[in-house]
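The structure appears below as structure tokens.
The values are calculated or read from the model by the stated rules, or taken from the named source; none is laboratory data. The structure displayed is predicted, hence computed values, not measured ones. Cβ sites come from the backbone with ideal geometry, for glycine too, and all protein chains shown count toward neighbours.
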Amino acid sequence: MDPTHNPKTPAGSFHNPLDYLHLIFQEIKNIWTYLIALIVGLLIFFFSENLSWVNFMVPFFVQVIAKSIVRFKSRDLNLLVELPAQRDDPSFIMDHEGRIVLSAGKTKALFESLDIKYIQQFIGKKGFDAIRINIDPTCLEAITVPVEIYSSKTRKWYEAKAKPMFLYCGKPMGKYLVWFQDISFRKEYDLQQKELLQYTGALVSRLRELVKKDNALENIATFILNNYQAVFIIKKDEEKQFIGFVFKLKNNKIERSAPIILPESSLAPVFQSRVQSRIVTDDITRYASEGIFQSKYHFDRQVLKFIDSPVQNFINYHQGDISIIVFNSHKKVTIYEKQFMEVLLNLSQSIITLVDLARENDAQFLQKVMGLCAAAEYSDQITGKHILRVNEYSRFIAEKMGFNDEFVETIGQIAALHDIGKVAIPDIIKLPRKYNQAERLKMQMHTVYGADIIETMMGYETKKDFRLRMARNIALHHHQTYNGKGYPLLKNNGNILVPLSKNYKDYLVNEPLSGDEIPIEGLIVGLADRYDALRSRRQYKLSLSHEEVLKILAFDESYGIAGEKWYGPEIWKVFIENEKEFKNIYDGFQE
Ligand SMILES: [Fe+2]
Ligand SMILES: [Fe+2]
């Protein structure tokens, strides 16, 4: 409140010398002036024994002139003294023990209404200690470092500052001038911002899921709808169109509107904000009617229809290609809320950009995978359907084993590449008879060639990219067995070798990998591939039934290996418990 408008402070109207006359007149009217003049006059008479009207008139005029000069000179100071009393936030004087020694105006009224005698009753012992620790009673000038305290009485956060008081001789009075400032909005904003950072941090860690489910906007909107009734998120798409969705909560569930395209000619706040590059915000309470408010902001009809209740207030902000407009804040819109919008939009934009990049990256990756798969199909007798089924079985096993979304999604895309190495041995593949020993060893090299092809064709980022590493591992290890009877042989003197040599003879001196030495994705795809190969008809064999294949996988007599030993107990358990699903996948993808 502006103290100059307070009718209780007449000093506020003094602006010219005429005011001085007004003050003189006031002093003349003051009964105390007469009483003091009478006492002084009598004292002069007592000591001088000279009774004269001058004895009384001189003290009278001296008082009137001196007092009015002092009052005239301190007219602004009077206003300033009023200031603490007019503040909404408490300011007072307390002693060592926290006893309120002096308060005035609103502070006094507040403390009286809450029956506060000691400041501890207002901010607790902890709050009092926090202020007291900061006060240095020997320091004449310094105001204490502000401390943040909470009052359960007013349910507000305050920043408290204090200053020790001193006598003119410099001796500490043992009293402190204390003043509070309400920082509840800022505290709430800090808290909200912290929550936002945590929330978006969690979103980034679930980026793959956001890409897969295509629900990044829903996730951002969910956070926003904690504080607003609805939110419209608009993005400029590749055709430079403004396309967006409105989100609102209905029965605690998020609802998304159909896509809304805003024409370039729209006068909606989105465009005002874009043109002016600033936050646009307003509140209906500032306008005489809803009509005036509506016509000023040209809210899009589809947006209003979806929100389905009158717009009371909104905040609109944009950055880059994204605009966000929130409707009907659940609380008063403050400067902090606007700042919060800026942070929110920054983080939202980062997430949306990351999702877009991840999606683009996925598309490029899949293109490469499909290209390689096409090559594999030419080289082998395998069909596109075999490849798709191996992807599906592998995805299913990984999901049942409890791997994360990224693992499941990736293995479900690239298990298809397991035999890509066969493109390097077309002569062996096409042999119309059983292999001899040397041919078998050469054929087994398709694992090494496959890993090499993936590393080369996918660029030299294989080590960095999780998906490429997995693709390479699958190509290299899908013929390993858990009990160490598979190939390629990659262990020498306890060291696991990098398969650099392209000559099968170089591997003969090595030992096989076993157990945890084999990447799990290799074993998973190994089972998927073998189940499907046994079920399928090939040039050299007939197709087998699901039940027949189950028996062979459980114990393969030609190799003398049980399923559990071949793939490890974990994978085998998933297979046995869900074997019907493998039949369903096989039946679902027929030639
Ligand atoms: Fe293979
Ligand atoms: Fe295969």
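LYS491 falls short on exactly one of the conditions (1) more than 16 Å from ligand 1 (Cβ to nearest atom); (2) surrounded by 12 or more Cβ atoms within 10 Å (Cβ to Cβ); (3) touching a residue at least 40 places away in the same chain (Cβ under 8 Å), and that condition is (3).
Would you confirm, using the coordinates I've provided, whether LEU197 is in contact with a helix residue (DSSP H, G or I) (Cβ under 9 Å, 6 or more places away or on another chain), buried (at least 18 other Cβ atoms within 10 Å of the Cβ) and modelled with pLDDT under 90? For LEU197, the condition - in contact with a helix residue (DSSP H, G or I) (Cβ under 9 Å, 6 or more places away or on another chain), buried (at least 18 other Cβ atoms within 10 Å of the Cβ) and modelled with pLDDT under 90 - is not met. Could you say whether any residue in the stretch 356-368 is loosely packed, with under 15 Cβ neighbours inside 10 Å and either outside any helix (DSSP H, G or I) or within 16 Å of ligand 1 (Cβ to nearest atom) (or both)? Among the residues of the stretch 356-368, not one is loosely packed, with under 15 Cβ neighbours inside 10 Å and either outside any helix (DSSP H, G or I) or within 16 Å of ligand 1 (Cβ to nearest atom) (or both), which makes the answer no.
For the stretch 517-545, the tally of residues that are away from ligand 2 (no atom under 15 Å from the Cβ) and over 49 Å from the mean Cα position of the chain (by Cα) stands at 3. Looking across the stretch 465-514, the residues that are over 24 Å from THR410 (Cβ atoms) and small (Gly, Ala, Ser) come down to GLY484, GLY494, SER501, SER514. Of the listed requirements (1) surrounded by 17 or more Cβ atoms within 10 Å (Cβ to Cβ); (2) within 26 Å of GLN444 (Cβ to Cβ), LYS400 misses just one: (2).
Condition check ((1) at pLDDT 90 or above; (2) closer than 30 Å to TYR189 by Cα) across all residues:
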site: TYR336; (1), (2): no, yes
site: ASP362; (1), (2): no, no
site: GLN367; (1), (2): no, no
site: ARG389; (1), (2): yes, no
site: MET401; (1), (2): yes, no
site: ASP405; (1), (2): no, no
site: PRO432; (1), (2): no, no
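Evaluate the following for LEU177: is it touching a residue at least 60 places away in the same chain (Cβ under 8 Å) and under 30 Å from LEU347 (Cα atoms)? It is false that LEU177 is touching a residue at least 60 places away in the same chain (Cβ under 8 Å) and under 30 Å from LEU347 (Cα atoms).
Return yes when ARG395 is within 16 Å of ligand 1 (Cβ to nearest atom) and basic (Lys, Arg) and no when it is not. No: the conditions fail for ARG395.
Pairs meeting the criteria (first residue in the stretch 184-209 and over 28 Å from PHE403 (Cα atoms) and of a type in the set (Lys, Arg), second residue at pLDDT 90 or above and surrounded by 13 or more Cβ atoms within 10 Å (Cβ to Cβ), beta carbons under 6 Å, at least 6 apart or on different chains) are LYS187/TRP157. Restricted to the stretch 467-487, and to residues there that are among the small types (Gly, Ala, Ser) and within 17 Å of ILE571 (Cα to Cα), the residue that is nearest to ligand 1 (Cβ to nearest atom) is GLY486.
Residues of the stretch 316-343 that are over 18 Å from ILE284 (Cβ atoms), of a type in the set (Asp, Glu) and within 17 Å of the chain's Cα centre (by Cα): GLU342 alone.
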